[in-house]
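A.B. asks: I am attaching a structure below and will ask some questions about it afterwards.
The values are calculated or read from the model by the stated rules, or taken from the named source; none is laboratory data. Remember, it's a predicted structure, so these values are computed and weren't measured experimentally. Cβ atoms come from the backbone with ideal geometry, glycine included; neighbour counts cover every protein chain shown. What goes into the accessible areas is simple: the full protein's heavy atoms, side chains included, and nothing from ligands, DNA or RNA. Shrake-Rupley method; radii C 1.70, N 1.55, O 1.52, S 1.80 Å.
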Amino acid sequence: MARLSICLLVIFLAIVAEAAPQKPKKAKKCRDKKNYPVCFKTKNLYCPPECPRDCYVDCATCTPVCSQPSKSPPPSLSPPPTTPTPPPTISTPPPPPPTSTTPWSPPPTTPSSSTPPPATTTPPTQNPPPPPDSSESAPKRARCRNRNYATCYGQEYTCPSACPHQCEVDCTICKAVCNCDRPGAVCQDPRFIGGDGITFYFHGKKDQDFCIVADSNLHINAHFIGRRNEKLTRDFTWVQSIGILFGTHKLFIGAQKTATWDDSVDRLSLALDGEPIYLPDGEGMKWKAEISPSVTITRSSDANAVVIEAEDNFKIKAAVVPITQKDSRIHNYGISSENCFAHLDLSFKFYKLSGDVNGVLGQTYGSNYVSRVKMGVLMPVLGGEKEFASSNIFATDCAVARFSGQQPSSNSSENFEFANLHCASGIDGRGVVCKR
């Protein structure tokens, strides 16, 4: 009985051992070191489930296989030989008949009814797309040009979507900002940002002049152009040119009329004391007038943008810009192909203004100025067409004029003007006015 029990136990253990999964063995490694050095060094490859106890490594694929692979040479890395193709045959016209003494001429090309001519297929002509309107091209890029900001100097940034063609880099925050979003700006349908940082609109009237700065030694008139809007009681207007009087001098800055806009064509018109100014081409080119105070004009781009500075008096950034078809669609300007209403976008910085300064923009720098603009509305409008109207671009006959050509006895910014000051309003540098 004991012997029978032992036999049954042995049989049972054998059955269990047979049924238990067996750990696969390692495959016999690749031995072809010359042709397959990477696979030759590969270890710990185990046999597949089909043959867990006996397998080989296929050197060509470096994978375990059940049957021993044949020792075939590795595939050549060079391209397979190509069978030379015979040169193309070129059909030539038949030789002239031997009996003819006149030169041979090709037979007439009139096709016979029995043999139609071979059909020729001409690929369809793809007309190139029309060139994009240069005024609606890709956004421009600007860079910091102030060497005092070493970490930002020279860094280039794309103009914001709100001003894709006119921007500058604020080196203090190292970011591209719109020129028209800073105090002292006069842009678009004219939108003003006063010295107090408050935005307002002054529409005026088309084909008329208005004084925007009126002080004892600085008087600036703006000439408005525009279109009549039948649905509104006012005109669509833009600043086409400005006339500046300072000391004994007269400076003119204007945008020339043009139908089709091209960024590369300079439409800027400049004159000092009645004499035209011709600027050299190219960004950074400078022109200087040896007068007192000295006047320098520098191109801030290859065309249509300049920086004008009268020593110890004012600094103006002026750019000629068009009304684009997109602008016309959005605002219903009704701009035609005959005139894109090129106009000026302006940014002013003043170095010496009196406390009595006046004008559409100038009054916002006055020492006792309180804004008359109605706040909290979508488009705050400042009136006063009669108060600020002038008879011509260089006239000093508006109701608030006070020009004498003499420096003011007191400076409205004397308590707020500091070198290298940076204000929360976003404007900084010499001549900045931080309003209370």
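A.B. asks: For the range 388-405, which residues satisfy the criterion of being within 15 Å of residue 224 (Cβ to Cβ) and either over 38 Å from the mean Cα position of the chain (by Cα) or crowded, with 17+ Cβ neighbours inside 10 Å (or both)?
C.D. replies: 388, 389, 390, 391, 393, 395, 398
A.B. asks: Out of (1) in contact (Cβ under 8 Å) with a residue 24 or more places away in the chain; (2) closer than 21 Å to residue 313 by Cβ, the odd one out for residue 164 is which?
C.D. replies: That leaves (2) as the condition not met.
A.B. asks: Could you say whether any residue in the range 250-261 is of a type in the set (Val, Ile, Thr) and either over 26 Å from residue 408 (Cα atoms) or outside any strand (DSSP E or B) (or both)?
C.D. replies: yes
A.B. asks: Which numbered condition in (1) modelled with pLDDT of 90 or more; (2) closer than 30 Å to residue 406 by Cβ; (3) surrounded by fewer than 22 Cβ atoms within 10 Å (Cβ to Cβ) is the only one that residue 174 fails?
C.D. replies: (2)
A.B. asks: Taking the condition part of a strand (DSSP E or B) and over 15 Å from residue 344 (Cα atoms), does residue 231 pass?
C.D. replies: Considered against the rule, which asks whether it is part of a strand (DSSP E or B) and over 15 Å from residue 344 (Cα atoms), residue 231 comes out as no.
A.B. asks: Okay, next question. Among (1) at pLDDT below 90; (2) closer than 29 Å to residue 159 by Cα; (3) not acidic (Asp, Glu), where does residue 291 come up short?
C.D. replies: (2)
A.B. asks: So residue 207 passes all but one of these: (1) of a type in the set (D, E, K, R); (2) open to solvent by less than 20 Å² (accessible area, probe 1.4 Å); (3) on the phi > 0 side of the Ramachandran plot. Which condition number does it fail?
C.D. replies: (2) is the only condition that residue 207 fails.
A.B. asks: Separate question: Could you check how many residues of the range 291-302 are part of a loop (DSSP other than H, G, I, E, B) and surrounded by fewer than 18 Cβ atoms within 10 Å (Cβ to Cβ)?
C.D. replies: Residues flagged as part of a loop (DSSP other than H, G, I, E, B) and surrounded by fewer than 18 Cβ atoms within 10 Å (Cβ to Cβ) within the range 291-302 amount to 6.
A.B. asks: On the basis of being modelled with pLDDT of 90 or more, on the phi > 0 side of the Ramachandran plot and open to solvent by less than 30 Å² (accessible area, probe 1.4 Å), does residue 194 make the cut?
C.D. replies: So residue 194 does not fit the description; no.
A.B. asks: Filter the range 281-290 down to residues that are hydrophobic (A, V, I, L, M, F, W, C) and in contact (Cβ under 8 Å) with a residue 12 or more places away in the chain and give me whichever is most open to solvent (accessible area, probe 1.4 Å).
C.D. replies: Here the answer is 285.
A.B. asks: Looking only at the range 381-436, how many residues end up being among the β-branched types (Val, Ile, Thr), farther than 25 Å from residue 249 by Cα and either modelled with pLDDT of 80 or more or not in a loop (DSSP other than H, G, I, E, B) (or both)?
C.D. replies: Result for the range 381-436: 1.
A.B. asks: Applying the selection to the range 263-280, what residues are in a strand (DSSP E or B), open to solvent by less than 50 Å² (accessible area, probe 1.4 Å) and either modelled with pLDDT under 95 or within 26 Å of residue 340 (Cβ to Cβ) (or both)?
C.D. replies: 268, 269, 270, 271
A.B. asks: Another one. Quick check on my filter: what residues within the range 151-187 are of a type in the set (Ser, Thr, Tyr), closer than 27 Å to residue 198 by Cβ and under 19 Å from the mean Cα position of the chain (by Cα)?
C.D. replies: Passing the criteria: only 161.
A.B. asks: Can you name every residue in the range 38-65 that is within 12 Å of residue 25 (Cα to Cα), open to solvent by less than 70 Å² (accessible area, probe 1.4 Å), part of a loop (DSSP other than H, G, I, E, B) and at pLDDT 80 or above?
C.D. replies: Passing the criteria: 47, 51, 55.
A.B. asks: Right, here's the next one. Working carefully through the options 169, 213, find the one that is in a strand (DSSP E or B), farther than 18 Å from residue 139 by Cα, of a type in the set (A, V, I, L, M) and touching a residue at least 12 places away in the same chain (Cβ under 8 Å).
C.D. replies: Answer to the check: 213.
Residue-by-condition table, conditions (1) assigned to a strand (DSSP E or B); (2) modelled with pLDDT of 90 or more; (3) crowded, with 21+ Cβ neighbours inside 10 Å; (4) under 27 Å from the mean Cα position of the chain (by Cα):
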{"site": "121", "(1), (2), (3), (4)": "no, no, no, no"}
{"site": "130", "(1), (2), (3), (4)": "no, no, no, yes"}
{"site": "138", "(1), (2), (3), (4)": "no, no, no, yes"}
{"site": "149", "(1), (2), (3), (4)": "no, yes, no, yes"}
